[in-house]
Amino acid sequence: MNLIEKTVLVTGAAQGLGREIVLQLAARGWRIVVADLNVELGQAVVRECAGAGARAFFVQVDLKTADDPVAMIQSAADHFGRLDVLINCAAYATAEAFCEMTARSWEDTLLVNVRSIALATAAAGRQMIKQGGGGRIINITSPASRMALPNYTAYAASKAAVDSLTRSAAVALASHNIQVNSVAPGMMDTPMQMKTEALFAALEGRTDLEAFLAGRTARIPLGRRTTCREVAETVVWLAAAAPDYITAERLNVSGGLDRD
Ligand SMILES: NC(=O)c1ccc[n+]([C@@H]2O[C@H](COP(=O)([O-])OP(=O)(O)OC[C@H]3O[C@@H](n4cnc5c(N)ncnc54)[C@H](O)[C@@H]3O)[C@@H](O)[C@H]2O)c1
């Protein structure tokens, strides 16, 4: 794909991995739609993009709603006239003991992590087909999707659904030369990860958070956590440089935590 003047929409782009993906694409001259619930941080990311010389705008979305996943794709098309890449990065995560699970956390998790990706991907597919075909969609999944995590059941199940969506969408859109792949990041110390790991420690009755975190890091075969930068480089490669023939793939960037 031509690296110049491509348009990308990144959800969850106000902070963490989504922000880093946006900044790497801005440095390459992409036109960017920053989609997030958080107005203040989202607008700050747009200013960072402008500082790097990229054209960017913010669209506030609540991905729990039925309409926003589709409306944000329309906003991108209205503003820039086309959409070349969609990156579904936003997610909701909470930790609960298996026997204490609540309907509310299941609902929030499934709406943000599953339904919104399905609806946004279909809307992006329609837009890309209208443009004559060609495009890429990248879903951020998690090693959790294939693990037994009794204190993280809703999140793990939602990411297993993301893997399923990636496969279905890849086949649905293949004849239009639209590639759909996913990336499974290892542990990155983002606001989401720090919040959920503190909840895991509490659920396991661990009071020494540092020792708890060190134990989790020690389980990673490469012996270290990753960074948003390292994972974003992989996402950017998939968006900008990967061969067209790669589709329906799930790329591990987890230091050997998850194994294919
Ligand atoms: N951090 C990790 O270690 C890790 C590991 C594996 C997978 N992931 C995945 O990476 C992706 C990015 O996670 P992160 O760690 O950067 O998280 P983060 O919490 O730092 O960022 C998530 C962003 O999503 C936005 N968001 C949440 N709910 C939303 C909603 N209803 N509508 C619109 N925006 C909403 C938040 O405002 C936030 O800006 C997620 O899909 C996550 O599941 C993260």
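The values are calculated or read from the model by the stated rules, or taken from the named source; none is laboratory data. What you are looking at is a predicted structure, and each value in this text was computed from that prediction instead of being measured. As a convention, Cβ positions derive from the backbone with ideal geometry for all residues, glycine included, and neighbour counts pool all protein chains shown. Only protein heavy atoms, including side chains, enter the accessible area calculation; ligands, DNA and RNA are left aside. Shrake-Rupley method; radii C 1.70, N 1.55, O 1.52, S 1.80 Å.
Observations on the structure shown:
- Test: residue in the stretch 246-255 that is within 12 Å of the ligand (Cβ to nearest atom), open to solvent by 70 Å² or more (accessible area, probe 1.4 Å), among the aliphatic types (A, V, I, L, M) and under 28 Å from residue 148 (Cβ atoms): no
- Residue tally, condition open to solvent by less than 10 Å² (accessible area, probe 1.4 Å) and part of a helix (DSSP H, G or I), over the stretch 18-54: 8
- Criterion violated by residue 170 - all others in (1) small (Gly, Ala, Ser); (2) more than 16 Å from the ligand (Cβ to nearest atom); (3) open to solvent by 20 Å² or more (accessible area, probe 1.4 Å) satisfied: (3)
- Criterion (within 28 Å of residue 186 (Cβ to Cβ), basic (Lys, Arg), out of contact with any Cys (no Cβ under 7 Å at 6 or more places or on another chain) and near the ligand (Cβ under 10 Å from one of its atoms)) met by exactly one of 19, 28: 19
- Whichever residue in the stretch 148-172 is touching a residue at least 12 places away in the same chain (Cβ under 8 Å) and part of a loop (DSSP other than H, G, I, E, B) and, among such residues, is nearest to residue 14 (Cα to Cα): 152
- Residues in the stretch 128-153 that are away from the ligand (no atom under 12 Å from the Cβ) and either surrounded by 21 or more Cβ atoms within 10 Å (Cβ to Cβ) or modelled with pLDDT under 95 (or both): 128, 135, 136, 137.
- Restricting attention to the stretch 173-191, the residues that are within 11 Å of the ligand (Cβ to nearest atom), touching a residue at least 60 places away in the same chain (Cβ under 8 Å) and open to solvent by 60 Å² or more (accessible area, probe 1.4 Å) total 1.
- Where residue 223 falls short, out of the listed (1) away from the ligand (no atom under 14 Å from the Cβ); (2) touching a residue at least 40 places away in the same chain (Cβ under 8 Å); (3) over 14 Å from the mean Cα position of the chain (by Cα): (2)
- Exactly one residue among 85, 112 is within 15 Å of residue 36 (Cβ to Cβ), open to solvent by less than 30 Å² (accessible area, probe 1.4 Å), of a type outside the set (S, T, N, Q) and touching a helix residue (DSSP H, G or I) at 6+ places or on another chain (Cβ under 9 Å), and that residue is 112.
- In the stretch 215-229, the residues that are open to solvent by less than 60 Å² (accessible area, probe 1.4 Å) and assigned to a helix (DSSP H, G or I): 215, 216, 217, 228
- Top-ranked residue in the stretch 50-63 [being of a type outside the set (D, E, K, R) and more than 19 Å from the chain's Cα centre (by Cα); ranked as farthest from the ligand (Cβ to nearest atom)]: 53
- Residues being out of contact with any strand residue (DSSP E or B) (no Cβ under 9 Å at 6 or more places or on another chain) and open to solvent by less than 60 Å² (accessible area, probe 1.4 Å) - total across the stretch 233-243: 1
- Of the listed requirements (1) in contact (Cβ under 8 Å) with a residue 24 or more places away in the chain; (2) in a helix (DSSP H, G or I), residue 136 misses just one: (2).
- Annotation note: Cβ proximity below 6 Å between a residue of the stretch 106-127 that is in a helix (DSSP H, G or I) and a residue that is open to solvent by 20 Å² or more (accessible area, probe 1.4 Å) and of a type in the set (D, E, K, R) (sequence gap 6+ or interchain) occurs for 111/64; 112/64.
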